[in-house]
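For reference, the structure discussed in these notes is given below.
The values are calculated or read from the model by the stated rules, or taken from the named source; none is laboratory data. Just so you know, these numbers come straight off a predicted model, no measurement behind them. Reconstructed Cβ throughout: ideal geometry from the backbone, glycine too, with neighbour counts over all protein chains shown.
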Ligand code: LIP
């Protein structure tokens, strides 16, 4: 019910603050770094500790809820995505920034019900910027309502794209063609290194669009709610309906702009979550 969701939202916000505190504590310390899918796909002890803490707290508050987390999934467990209320969490999105002490890193917390994202929370504890949205109730940055630019013309758009952590030459070649084509068509590209914060930036009207192939559901579940509640669109880069488990996303300030971006993008082909 509405009332239940409102209470769950408040719990998520409180947990994001506590997790943010853990991330900030470790930001300027030495870090134990290991790698996952490639030598550029990083994970730290803090990622693992934050996810463990979050999962434990959720199981305590809501024993019936499911949790999909970046670090537990990295153990080789296949994702089981059901209609159950499901927390999809990236304990640190922008881990590479975190490792390099670039203060553009966050915790990303999404909640899906019947597989639809309904709550999104993204918190950068280093700069203390807190984004949140609940379906049907608007999107906020540090408690101020946010909105996309609404831009439709690609010639005057500013985009965010990422290079990603995949190091296979064939996939990288497609990605770089996409970067080339979107840069050619617009005012330019920026790459900040966190999918969740990228989506929030479009939501607050700093850039007009963002597209990436190769991300995972925990990078984008929260951002999807925040973008939509800010009046933006979330689609598959092919132009189809958005699919949380497809490893790809396109967000934009308007549908006309989203489709213009989509027409310029090729799919490198990543295995589904
Ligand atoms: C990262 C994303 C980033 C993307 C990387 C990676 P992580 O997430 O947010 O935008 O380019 O490939 O997926 O690994 O820091 O949680």
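Listed values, structure above:
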| read-out | value |
| --- | --- |
| Whichever residue in segment 229-251 is in contact (Cβ under 8 Å) with a residue 60 or more places away in the chain and farther than 22 Å from residue 166 by Cα and, among such residues, is surrounded by the fewest Cβ atoms within 10 Å (Cβ to Cβ) | 231 |
| Selection from segment 203-254 of residues that are over 19 Å from residue 174 (Cα atoms), part of a loop (DSSP other than H, G, I, E, B) and within 14 Å of the ligand (Cβ to nearest atom) | 207 |
| Segment 78-131: number of residues that are within 15 Å of the ligand (Cβ to nearest atom), in contact with a strand residue (DSSP E or B) (Cβ under 9 Å, 6 or more places away or on another chain) and at positive phi | 1 |
| Residue pairs meeting the criteria (Cβ under 8 Å; at least 6 apart or on separate chains; first free of Cβ contacts under 8 Å to residues at least 12 places away in the same chain, in segment 31-50; second within 12 Å of the ligand (Cβ to nearest atom)) | 34/42; 34/43; 34/44; 35/41; 35/42; 35/43 |
| Unmet criterion (only one of (1) within 12 Å of the ligand (Cβ to nearest atom); (2) at pLDDT 95 or above) for residue 273 | (2) |
| Test: residue 90 is in contact with a helix residue (DSSP H, G or I) (Cβ under 7 Å, 6 or more places away or on another chain) and either crowded, with 16+ Cβ neighbours inside 10 Å or under 28 Å from residue 29 (Cβ atoms) (or both) | yes |
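Every residue, every condition in (1) farther than 30 Å from residue 8 by Cβ; (2) within 17 Å of the chain's Cα centre (by Cα), yes or no:
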site: 181; (1), (2): yes, no
site: 184; (1), (2): yes, no
site: 205; (1), (2): no, yes
site: 241; (1), (2): no, no
site: 247; (1), (2): no, yes
